[in-house]
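The values are calculated or read from the model by the stated rules, or taken from the named source; none is laboratory data. These numbers were taken from a predicted model, which means no experiment stands behind them. Note that each Cβ is placed from the backbone with ideal geometry, even for glycine, and that neighbours are counted across all protein chains shown. Remember, those area values only see protein heavy atoms, side chains included, never the ligands or the DNA or RNA. Shrake-Rupley method; radii C 1.70, N 1.55, O 1.52, S 1.80 Å.
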Amino acid sequence: MKKLSHKRSLLWLNYKKNKAIYWMALPVILYFLVFKYLPMYGAIIAFKDYSVGKGIWGSDWVGLQHFRDFFQSYYFWRILKNTLLLSFYQLLFGFPAPILLALLLNELRHEIFKRTVQTISYIPHFISIVVICGMIVDFSSRDGLFNTIIGYFGGQSSALLSDPANFRTIYTASSIWQELGFSSIIYLAALSGINPELYDAANVDGASRLRQVWHITLPGIIPMIMILLILRIGGLMEIGFEKIILLYNPNVYDTADVISTFVYRKGISESAEFSYTTAVGLFQSVINFTLLIGANRLSKVISNTKLF
């Protein structure tokens with residue numbers, strides 16, 4: 001009892017000391033409660049045969065039937081494979097790209113050139129995804145920019161987005177181009193926190209620029225890299241449906257259809273299978289949560305950095 005009373009006293013003292021911070025955090029906490037946690041209540045329809053007329057509690061329980069239907073369906077392995085491959089390609093090529101850009105920008109000494117490169121690389125992030133996809137569709141058409149370049153090197157023109165073999169390459173490359181510059185900002189911020197005296201000492205010792213990057217710069221931003229890597233792995237099953245829906249067509253479903261687009265089609269556009277698609281979404285969330293926990297523990301073992 002005394003221990004509990006002591007903890008309450010410490011909590012009250014902490015509140016009085018940091019009152020302004022607690023009040024500043026209140027809107028954020030309310031946002032997560034209202035828009036992130038309360039909607040989880042709706043996940044219960046994954047275990048019911050949901051009917052709009054009967055409501056959530058009035059609908060009949062079906063247990064794990066929707067999960068069994070999904071695991072035994074023709075689409076299960078296709079969308080699981082496509083989701084994992086697209087995420088893996090983005091992790092393999094998209095994750096290190098902003099780190100390399102930040103390292104290169106950090107080595108530039110001409111400020112005007114550096115700011116010009118930064119501005120140009122940040123712009124694609126602020127362009128609407130609809131405009132970005134419109135540009136990709138136009139450039140990938142038979143008489144588009146990509147086919148003009150292919151023709152210049154002796155290749156034959158084709159409708160690139162109608163070929164299943166091209167979809168993953170186009171999706172991954174365009175995503176890297178769109179987010180490369182903006183994602184490098186957080187690494188540039190981490191680089192600015194490295195003590196300049198370390199570089200001065202390295203110069204006195206005669207270390208080359210490459211050795212300084214390897215022994216000072218990279219170790220200085222490793223904690224940030226690991227945290228972002230954990231978050232990326234935690235979202236490995238999370239591929240947004242907006243861009244894919246704007247780019248794909250029935251000809252490329254074999255390589256382009258992912259869990260989120262499948263849920264969108266089954267839940268909204270083609271049919272209203274709310275319980276079934278909720279079960280699919282819940283399966284996706286459980287896998288993501290498991291990956292996040294695993295990546296966090298692995299990071300703790302390897303680099304002594306963790307999120308929680």
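Rounded to the nearest whole angstrom, the semi-axes of the ellipsoid equivalent to region 107-216, taken from the Cα gyration tensor as √(5λ), stand at 40, 17, 13, largest first.
The mean of 1/r over all distinct Cα pairs in region 1-139, once inverted, gives the Kirkwood hydrodynamic radius of 22.3 Å. Under a model in which nothing but the beta-carbon of Lys, Arg (+1) and Asp, Glu (-1) is charged, region 230-308 shows a dipole of about 500 debye around its Cα centre.
Over all projection directions, the Cα-based convex hull of region 158-279 averages an area of 10.9 nm². Counting only protein heavy atoms and a 1.4 Å probe, region 134-260 has 54 square angstrom of accessible area per residue. Rounded to the nearest 20, the size of the Cβ-charge dipole of region 172-308 about its Cα centre is 320 debye, with Lys and Arg at +1 and Asp and Glu at -1. The aspartates and glutamates whose alpha-carbon is closer than 17 Å to the alpha-carbon of Lys266, local same-chain residues fewer than 8 away aside, are Asp49, Asp69, Glu242, Asp254, Asp257. Carbon and sulfur: what percent of region 180-282's accessible surface (1.4 Å probe)? Summing carbon and sulfur atoms, their accessible area is 64 percent of the total for region 180-282. Beyond 32 Å in Cα-Cα separation lie the following of the pairs Lys7/Lys36; Lys36/Lys114; Lys19/Lys243; Lys16/Lys300; Lys7/Lys48: Lys36/Lys114; Lys19/Lys243; Lys16/Lys300; Lys7/Lys48. A P(r) calculated from all alpha carbon pairs of region 247-297, with 5 Å bins opening at zero, reads 4, 19, 21, 17, 18, 11, 7, 2, 0 percent.
Would you mind getting me the FRET efficiency between Phe35 and Ile120? Use the beta-carbon distance for r and R0 = 41 Å, nearest 0.05. For Phe35 and Ile120, the calculated efficiency is 0.75.
Counting Lys and Arg as +1 and Asp and Glu as -1 over every other residue whose Cβ lies under 14 Å from the Cβ of Ile123, the net charge comes to 0.
Relative contact order of the chain, taken over Cα pairs closer than 8 Å and 6 or more residues apart, is 25 percent. Springs between Cα atoms under 10 Å define the GNM used for the chain, and in it the highest mean-square fluctuation of Ile268, Ile150, Ile259 occurs at Ile150.
Note on the chain: helix-only mean residue ellipticity at 222 nm, from DSSP H runs of 4+ residues weighted -39500 (n - 2.57) and normalised by residue number, equals -20500 deg cm²/dmol. Of all accessible surface on region 86-167 at a 1.4 Å probe, what whole percent is carbon and sulfur? Looking at region 86-167 in its full context, I get 69 percent from C and S.
Give the calculated FRET efficiency between Ile245 and Gln65 to the nearest 0.05, with a Förster radius of 30 Å applied to their Cβ-Cβ distance.
It comes out at approximately 0.60.
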